[in-house]
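Okay, so here's the structure we're looking at.
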Amino acid sequence: MKKIHIKNINDFILVDDDDFERVDFYQWHKSFAHETQRFLAQVVGRKISLPSFILNDEYAYQKEKNHDFRKSNLSTDKYSFRYRKPQKNSSSKFKGVSYNQQSKKWIASICVKGKTIFLGRFTDEIECAKAYNRAVQKYWNGQGYLNDVKYKGVDSDGTS
């Protein structure tokens, strides 16, 4: 793992040793689109994102949005939606959680193979978020966004 300095933010990104030379050759810039950070460079006359450049795939994406561009944090599968953060216009601050006005309870659900799976109704929003985290572990083998529910000694994956 090596660090590359990004001038416009005066900070570093992490890349694998075998990607260092070709990534460091270009001048990368951090920008934001739809409240998501992106690192872009001009490569052979066109803008390209850093994940796409490293994996040589236009559909490549970063699993966890940060300054870590090692291959372990990049992917090209069709499941990029799994790593999206919760929507800002939702009734809950947690992903996979919504509030039902009729029952006055929180509802947890997850989408698996195009079908929505109901995970239960909860009086506590945090317990509901933990149920979603357990479903990410069960249905997606942990390959998805986990709600940050570190609360009363419980980790984000819902275990103690």
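None of the figures in this text is laboratory data; all of them are computed from the coordinates on show. Since we're looking at a predicted model, the values are computed, not measured. Backbone-built Cβ (ideal geometry, glycine too); neighbour counts: all protein chains shown.
Summary table
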item: Estimated inter-spin distance, residue 105 and residue 81, nm [label 7 Å along Cα→Cβ]; result: 2.6 nm
item: Choice from 60, 41, 33 with maximal GNM fluctuation in the chain (Cα, 10 Å cutoff); result: 33
item: Shape category assigned to the chain from the gyration tensor of Cα positions, a/c cut at 1.5; result: prolate
item: Charge-dipole axis of the chain as Lys and Arg at +1 and Asp and Glu at -1 on Cβ define it, positive-most pick from 1, 55, 83; result: 83
item: Nearest-ten-degree value, helix 125-140 long axis tilted from longest Cα axis of the chain; result: 60 degrees
item: Within the chain: Cβ-based charge dipole about Cα centre, in debye rounded to nearest 20 (Lys, Arg +1; Asp, Glu -1); result: 740 debye
item: Exposure proxy order (Cβ contacts within 10 Å, fewest to most) of 25, 12; result: 25, 12
item: Mean-position separation - Cα centroids, region 18-78 and region 96-127, in angstrom; result: 34 Å
item: Zone of residue 88's modelled label, taken as backbone nitrogen in region 37-75 under 18 Å from a point 7 Å along Cα→Cβ; result: 37-38, 65-66
item: Links that overshoot a 27 Å alpha carbon limit, given the list 2/63; 65/113; 30/85; 47/78; 3/63; 7/78; result: 7/78
item: Translational diffusion of region 1-87, µm² s⁻¹ [Kirkwood Rh, Cα pairs; Stokes-Einstein; 37 °C; 0.692 mPa s]; result: 247 µm²/s
item: Spacing of the two label points (7 Å from each Cα toward its C-beta) at residue 35 and residue 56, in nm; result: 3.7 nm
item: Value of [θ]222 nm, deg cm²/dmol, for the chain, DSSP H segments ≥ 4, -39500 (n - 2.57) each, nearest 500; result: -5000 deg cm²/dmol
item: Most mobile listed residue (90, 98, 80) in the chain, GNM with C-alpha springs under 10 Å; result: 90
